[in-house]
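One structure is given here, and the rest of the page talks about it.
What follows draws every value from the coordinates through simple rules; no lab data is involved. Given the structure is predicted, the values throughout are model-derived calculations rather than measurements. We place every Cβ from the backbone using ideal geometry, glycine too, and count neighbours over all the protein chains shown.
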Amino acid sequence: MSNRYFGAVAVLLLFASLSSGQADQAANANKQKPANGQQKDAPQKENAGDALAAMMGGAHIDKEAAERGRKIFVPACGFCHGNDAHGKSGPDLVRSALVLHDNKGDVIGLVIRNGRLERGMPAFSALSAEQIADISTFLHSRAADVSNRFAYKIGDLITGDAQKGAAFFHGDGQCGSCHSATGDLAHVATKYEPVELQRRMLYPAPNLIDVFLGRAVKPPAPTKVAVQLASGERVSGTLDHLDEFSVAMRDSAGWYRSFSRESVTVDVQDPRAAHEGLLAKYTDQEMHDALAYLETLK
Amino acid sequence: MRVWTLALVLLTAPVVLRAQELPPETLLKPGTDSWPTYNGDYSGQRHSPLHQINASNVASLSSAWMYRASNYGAAGFGSVIKSTPIEVNGVLYFTMPDNVWAVDARNGREVWHYKYPPNEGGHIGQRGVAMLGSWIYTETPDCNLVSLNAKNGQERWRKPIADVKLEYFCTMAPLVVGNHIITGVGGDSLDNPGYLESRDPETGEVQWHWNTEPNPGEPGSESWPDAEARNHGGGMTWMTGTYDPDLRLIYWGIGNPNPVHAGVGRKGDNLWTCSIVALNVDTGKLVWGYQVSPHDTHDWDATQTPILFDGEFQGKRRKLLAQASRNGFFFVLDRSNGEHLLTAPFIHTNWTLGINAKGQPIPNPNKEPARDGTLVSPSSNGASNWFAPSFNPSAGLFYVVASESYSVFYLTAEGKAEGFAGRDDFLNYPGTIKAIDYKTGETRWTHDLGGMGSGLLTTAGNLLFAGDTSGHILATDSMTGKTLWHTTVSANQANGAITYELDGKQYVVVGAGDSLFAFALAATQ
């Protein structure tokens, strides 16, 4: 038995993913109780990507100015630089050092107005300072779109065969031994976006970015625990915390009780154990098929 | 007699004058009264010969002092002591992003506190300082190298080492070798090239500059399809390397290629990303390189400490280098020439087609990130990460905080892939200490920590110090992994523990949250 279930995972490894892959234990500072992975008093944030970008030092983008800039950029510049500014016959402007150093046109303004005739870029002398500033904001927004991976959209997930997925569900996956398409999983496809459904199917725990940002998340199913005391008494309840040295639970009457693990035997019935066992067994095709099947449960 | 006295005066006079300074030759053989570099010494072993605290008495280890940092300003997850303190002449120097402190190593009294102005750099963490003479060196989130007067924390100068506008950010503790300050950089969100630099300790000016991606025509340049891919190939250098004074080589773990999750525009091995490289410390020239993850698409940078030790391998005594890499494999190389000796998985992985003749894992193209996802172990967080490993030379064991994690890797880029171009959705976050036999790669024992998050320290007292993810600091028997002592602190340990002996008393110091906690034997207090 292991203590990994509740090991301060909630916020802990969200930071794993942040920035240059420098895994970080952000939750350390506020050793909040990690049971169920909920952080109820954290502030509500609308956009996880923006909030995380802000913490990473990402620039704030004026979205209206960026949209005005896009409308100028596409007809004037898109033919050479691409409508998305990723570059065509002209250079990529998304990861351009010149553009990234620009502030409201103070660097790119000269280039736009005078052109770079030796490289085939004409002068756009009719554009006003305000229009150039908007183009600059649009280009900064493109760089932010690229650099802020938490705002990336995951899509096109449903590629599997639902029939094969159903067979896996009732066969090799042994999902049917705990779940039912007409019981706990009825209409499950209407409750979650495909990416969320895929994650929960594989390992039913909340998205850590949601947890970190304090969004309402459905807690994982409670873990049942039974503790055998030295006296022979057996205490059962819902697991609250487990580590190498202690175990804590809510007993059947709702009381918090904790025990030193030196003197008791602990039996944990983690509903996620079967999911964990499957992780090493899934082929990607089985994963896609199983998701396609769950998607039929509208 | 007079001659002796004179000689004594001559010998001791300069020593007395410079007693508080840190001359470069001291770093070649640091005393047990100090921890003068990020890893304690150049080997990266984080193994101390101290044994006052040992397996037979560690049960009575108790609190010596505590220091809680304040007025550090920065918000969010950077406000945690991820830095390994250095300790020189009774003073500890450590950091958080935008902050450096000097604290009395005997009692935790604050000596000075330096604050760097608010800035736009990434504040994810700061891993520590370097010291040379009477100067402290540290990297700032917006990528300046700052030199401070160790006496009072006053800033001498700051010199840019990377362009924050391109989304570089800097977290690393510099490495001092002779008159070189080696600096590395981070930030892989906009496809910038990685590099290492040596800076002059007095002026901060560049002595040499080494690019992760080879120049056209250099060995390794053929592992990129074109100049565009090579010039935007990533390969950051964000963890402190190690150094062999006899070979005059520094060893560095290099980060992942860019765009991170999309390999289509950078077909080839993408050298020297995800590699261990050996550079001449005086010239910055590459002497050898070994790539642990050819053509990585999973963000598994190979920045984990390349630990140096001399030992027997298949009957022959060798100068060795070992890394437990983020991709899940443990590597042993001959550090004099980069010859491959051993590759062994230290977690269950599912991303390879096998191991090639050079000992490199062969990536399975079907496990590259895909639009509908691929289920991969380990996650991008890795089988190991920046948490300091340790090596116990008497046991021949390499200790690493390992994670048997899974994640679904998605490709998200529309059109041209740039930046991360995808992301992975983490599933689970286990963490254990693994003790690996360097001769075979076999795991001798495993100790569950609940998750991954802190560095390791071993000592000649047959002890290993670690932090779990339930707020405990613990000491285990380094041969068996059995817990011999633990205590609870105010947060999870976030750095690697250090140890030193002052006034006949051995201290162990860890950082947890915004505080340092020092422990010593009750009998010595």
Env charge @ A:ALA167, Cβ radius under 11 Å, K,R +1 / D,E -1, value -3
Per principal axis, largest first, the Cα atoms of the stretch A:92-208 extend in Å by 71, 26, 21
Relative contact order of chain B (C-alpha contacts under 8 Å, at least 6 apart) in percent is 14
Exposure-ranked with fewest Cβ neighbours within 10 Å first, B:PHE329, A:PHE150 stand as A:PHE150, B:PHE329
Footprinting proxy, B:LEU474, B:LEU247: sorted fewest to most Cβ within 10 Å, the residues are B:LEU247, B:LEU474
Here the stretch B:173-185 yields Karplus 3J(HN,Hα) values (6.51, -1.76, 1.60; θ = phi - 60°; whole Hz; Gly and Pro given as x) of 7, x, 10, 9, 9, x, 9, 10, 10, 8, 10, x, 9
Using alpha carbon positions and the Kirkwood radius, the Rg to Rh ratio of the stretch B:367-406 is 1.20
With +1 at each Lys and Arg Cβ and -1 at each Asp and Glu Cβ, the charge dipole magnitude of chain B around its Cα centre, to the nearest 20 debye, comes out at 1120
Taking Rh as the Kirkwood radius computed over alpha-carbon pairs of the stretch B:229-341 and applying Stokes-Einstein at 37 °C with viscosity 0.692 mPa s, one gets a diffusion coefficient in µm² s⁻¹ of 230
Residues whose built amide H sits under 5 Å from the amide H of B:THR171, excluding neighbours closer than 5 in sequence, are B:GLY186
B:ASP296 neighbourhood, Cβ < 12 Å, K/R = +1, D/E = -1, net charge -2
Within the under-12-Å Cβ sphere about B:LEU320, not counting B:LEU320, Lys/Arg +1 and Asp/Glu -1 give a net charge of +1
Scalar couplings 3J(HN,Hα) for the stretch B:251-264 by Karplus 6.51 cos²θ - 1.76 cosθ + 1.60 (θ = phi - 60°), nearest whole Hz, x for Gly and Pro, are 10, 9, x, 9, x, 6, x, 10, x, 5, 9, 10, x, 4
Taking alpha-carbon centroids only, the stretch B:238-271 lies from the stretch B:447-525 a number of Å equal to 31
At 25 °C in a medium of viscosity 0.890 mPa s, chain B has a Stokes-Einstein diffusion coefficient, with Rh taken as the Kirkwood radius over alpha carbon pairs, in µm² per second, of 106
Result for chain B, cysteines with no Cys Cβ partner under 4.7 Å, is B:CYS274
For B:ILE161, other-chain or 5+-apart residues with amide H closer than 5 Å (H placed, Pro excluded) are B:ASN144, B:LEU145
Neighbour-count ranking for B:TRP101, B:TRP300 (other C-beta within 10 angstrom, fewest to most) reads B:TRP101, B:TRP300
For the protein assembly as shown, the charge dipole (Cβ of Lys, Arg +1; Cβ of Asp, Glu -1; about the Cα centre) points to a positive end, and the Cα of B:GLN20, A:ASN114, A:ALA221 closest to that extreme belongs to B:GLN20
Measuring from the longest principal axis of the C-alpha atoms of chain B, the long axis of helix B:2-17 (C-alpha) lies at a number of degrees, nearest 10, equal to 50
The set of residues whose placed amide H lies less than 5 Å from the amide H of B:ALA64, leaving out same-chain residues fewer than 5 positions away, is B:ALA518, B:PHE519, B:ALA520
Cross-link reach from B:LYS319 to lysines, straight Cα distance under 21 Å and at least 8 residues apart if same chain, gives B:LYS29, B:LYS285, B:LYS358, B:LYS439
FRET efficiency for B:THR446 and B:ASN337 from the Cβ-Cβ distance with R0 = 41 Å, rounded to 0.05, comes out at 0.80
A convex hull over the alpha carbons of the stretch B:419-470 yields, per residue, a volume in Å³ of 157
Note, the stretch A:273-287: 3J(HN,Hα) by Karplus (6.51, -1.76, 1.60, θ = phi - 60°), whole Hz, Gly/Pro = x, goes 4, 5, 4, 4, x, 6, 4, 7, 9, 3, 8, 4, 5, 4, 4
The size of the Cβ-based charge dipole (Lys, Arg +1; Asp, Glu -1) of the stretch B:181-252 about the Cα centre, to the nearest 20 debye, is 120
